[in-house]
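Novice: Here it is: the structure, laid out below.
The values are calculated or read from the model by the stated rules, or taken from the named source; none is laboratory data. Quick caveat, the model's predicted, so the values are computed rather than measured. Neighbour counts are summed over all protein chains in view; Cβ atoms, including those assigned to glycine, are modelled from backbone coordinates with ideal geometry. Areas reflect the complete protein model, heavy atoms only, side chains present, ligands, DNA and RNA absent. Shrake-Rupley method; radii C 1.70, N 1.55, O 1.52, S 1.80 Å.
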There are 2 protein chains.
Amino acid sequence: MATSVFNALGHPLRRKVMMVLRKGPKTSGDLAGMFDASWPTVSRHLNVLKEADLITAERKGTSIVYRANTSVLEDAAAAILALVGRDDGDDRDDDMKEAAE
Amino acid sequence: MATSVFNALGHPLRRKVMMVLRKGPKTSGDLAGMFDASWPTVSRHLNVLKEADLITAERKGTSIVYRANTSVLEDAAAAILALVGRDDGDDRDDDMKEAAE
DNA sequence: ATAGTAATTAGCGGTCAAGCTAATTATGAA
DNA sequence: TTCATAATTAGCTTGACCGCTAATTACTAT
């Protein structure tokens, strides 16, 4: 869960998409036109963001409108802050060997 | 810069290392013993975190002590919050086609 | 049905991340 | 020096990611 969010944000173009989207919804074509990458490439980046639940897609006639899902971004920020100091205890202890205390 | 931080946090084991390290410094051996992964594997994960400046390494006799670099985590959280709403204007507009307004 | 536009999916080549074992460096002790 | 321990680096395989072009799906309009 957190993994997919961080990985999604781990690409500059995808962060830029989030920056654009937080100002308002945009269609795939709008976004594809904003970057140097080809349309299919942008489309796949959008899919990565969607899989991470960072954006939502809604068909609007012939276009598909994308919107930022700010609550997930807030969750991600909270997860980092948990790493910093305050223990909000996310992150399951899988593949941990023992109690690690 | 932000890319390396997000990618570093994009692996569960590395987030767990950060969770452990924020409670206090640990040697590579300590950390290697906590996870199911082999020692070299853990070592490389530590290196990824170090490259992202999320941790620091200091030789202490025969061991190497790792410490969390909380300020970088705070920066990462700030970067996400910038994505959420407040415009602290990180993230350079590389590979952007135009003004995108 | 046909044509046109919007967007994704398929497929390809190249690169990079992740895991392992084995080999190597580095330090400390005898 | 020699031995033992700590940790990384080297080498390998597997699988995922990134970017492209070409092909395909989805919808609108005529």
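Novice: Could you grab me the full set of residues in segment A:65-84 that are facing chain B (nearest Cβ under 7 Å) and at pLDDT below 80?
Specialist: Answer for segment A:65-84, where residues must be facing chain B (nearest Cβ under 7 Å) and at pLDDT below 80: A:Ile80, A:Leu81, A:Leu83, A:Val84.
Novice: Filter segment B:29-44 for residues that are open to solvent by 20 Å² or more (accessible area, probe 1.4 Å) and near DNA strand D (Cβ under 9 Å from one of its atoms) and give the result.
Specialist: Correct list: B:Gly29, B:Asp30, B:Gly33, B:Ser38, B:Trp39, B:Pro40, B:Thr41, B:Ser43, B:Arg44.
Novice: If you go through segment B:4-17 one residue at a time, do you hit one that is more than 9 Å from chain A (Cβ to nearest Cβ), out of contact with any Cys (no Cβ under 8 Å at 6 or more places or on another chain) and open to solvent by 50 Å² or more (accessible area, probe 1.4 Å)?
Specialist: No; the residues of segment B:4-17 include none that is more than 9 Å from chain A (Cβ to nearest Cβ), out of contact with any Cys (no Cβ under 8 Å at 6 or more places or on another chain) and open to solvent by 50 Å² or more (accessible area, probe 1.4 Å).
Novice: Looking at segment A:26-39, I want the residues that are within 12 Å of chain B (Cβ to nearest Cβ) and have a partner that is within 12 Å of DNA strand D (Cβ to nearest atom) and β-branched (Val, Ile, Thr) with Cβ atoms under 8 Å, at least 6 apart or on another chain. Which pairs are those?
Specialist: Close Cβ pairs satisfying both conditions: A:Leu31/A:Val17; A:Leu31/A:Val42; A:Ala32/A:Val42; A:Phe35/A:Val42.
Novice: Can you tell me how many residues within segment A:48-59 are closer than 25 Å to B:Leu81 by Cβ and either open to solvent by 70 Å² or more (accessible area, probe 1.4 Å) or within 7 Å of DNA strand C (Cβ to nearest atom) (or both)?
Specialist: Looking only at that region, the number is 4.
Novice: Determine if segment B:14-21 includes at least one residue that is closer than 22 Å to A:Ala52 by Cα, in a helix (DSSP H, G or I), within 15 Å of DNA strand D (Cβ to nearest atom) and out of contact with any Pro (no Cβ under 8 Å at 6 or more places or on another chain).
Specialist: yes
Novice: Could we say that A:Thr62 is open to solvent by 50 Å² or more (accessible area, probe 1.4 Å), more than 9 Å from chain B (Cβ to nearest Cβ) and farther than 18 Å from B:Ala82 by Cβ here?
Specialist: yes
Novice: Still on this structure, please answer the following. Of the numbered conditions (1) more than 7 Å from chain B (Cβ to nearest Cβ); (2) buried (at least 20 other Cβ atoms within 10 Å of the Cβ); (3) at pLDDT below 95, A:Lys23 satisfies every one except a single condition; which is it?
Specialist: The number of the failed condition is (2).
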